[in-house]
Amino acid sequence: MTADETPPSRHAVEPASNFYVCTISRKSPRNWTLCREVGLYGIPGHRRAPSAKKGDRIFIWMGGKGYIAEAVITEDPRTPKNRCEAPWPGGLYSFGWVIPFDIVLEVKDGVSFPFVGQRQERTGVSKSGLQKSLVLLSTEGAEVIRAALRERAENETTT
């Protein structure tokens, strides 16, 4: 690297990165605290491996609050190694996969977008998608959410 080159960010987006929405139930907001503590997002069930991979981005949607965080996936999804890696109710029995992540940005007050029918018009996310634990998001939708989170974070630090 020459002196005039900027070192790559540890959270730099790879050109082929995908974007996902991960959901936290309005009935279980403490699950987000547990996710942050262990640096893992749990996928319920024991179906096939999630399609997300290292370097992809996730946006956290909490029911009743909206989008509260952006994170980067630091390792490919894997099965939890022990009970400590599945601290949510149901533990290893209920959570067949975990996704390791680092938080890029988190806001106190979530960002919501109105639904037109069954879909958030600005992000393309559907109500049924928010009932899944992990749903693919378009690049355009990701940019809308990212910009709104950054604006909210700036407002939270200035007030």
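The values are calculated or read from the model by the stated rules, or taken from the named source; none is laboratory data. As the structure is a prediction and not an experimental result, all values here were calculated from the model. FYI the Cβ positions are ideal-geometry reconstructions off the backbone, even for glycines, and counts take in every protein chain you see. Areas reflect the complete protein model, heavy atoms only, side chains present, ligands, DNA and RNA absent. Shrake-Rupley method; radii C 1.70, N 1.55, O 1.52, S 1.80 Å.
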Among the residues of region 129-151, the number that are closer than 15 Å to Gly66 by Cα and in a helix (DSSP H, G or I) is 12
So the check is Cβ under 6 Å with 6+ separation or different chains; which pairs have a first residue in region 69-87 that's surrounded by fewer than 18 Cβ atoms within 10 Å (Cβ to Cβ) and a second one that's in a loop (DSSP other than H, G, I, E, B)? Glu75/Lys54; Asp76/Lys53; Asp76/Lys54
Does Arg152 qualify as being among the charged types (D, E, K, R), in contact with a Phe, Trp or Tyr (Cβ under 8 Å, 6 or more places away or on another chain) and open to solvent by 20 Å² or more (accessible area, probe 1.4 Å)? no
Take the conditions open to solvent by 20 Å² or more (accessible area, probe 1.4 Å), among the hydroxyl-bearing types (Ser, Thr, Tyr) and closer than 15 Å to Ile43 by Cα and apply them to Ser94. Does it pass? yes
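How many residues are in contact with a Gly (Cβ under 9 Å, 6 or more places away or on another chain) and either over 28 Å from Ala86 (Cβ atoms) or in a strand (DSSP E or B) (or both) when one looks only at region 108-125?
10
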I'm told Pro44 meets every condition in (1) in a loop (DSSP other than H, G, I, E, B); (2) in contact (Cβ under 8 Å) with a residue 40 or more places away in the chain; (3) surrounded by fewer than 18 Cβ atoms within 10 Å (Cβ to Cβ) except one. Can you identify the failing condition by its number? (1)
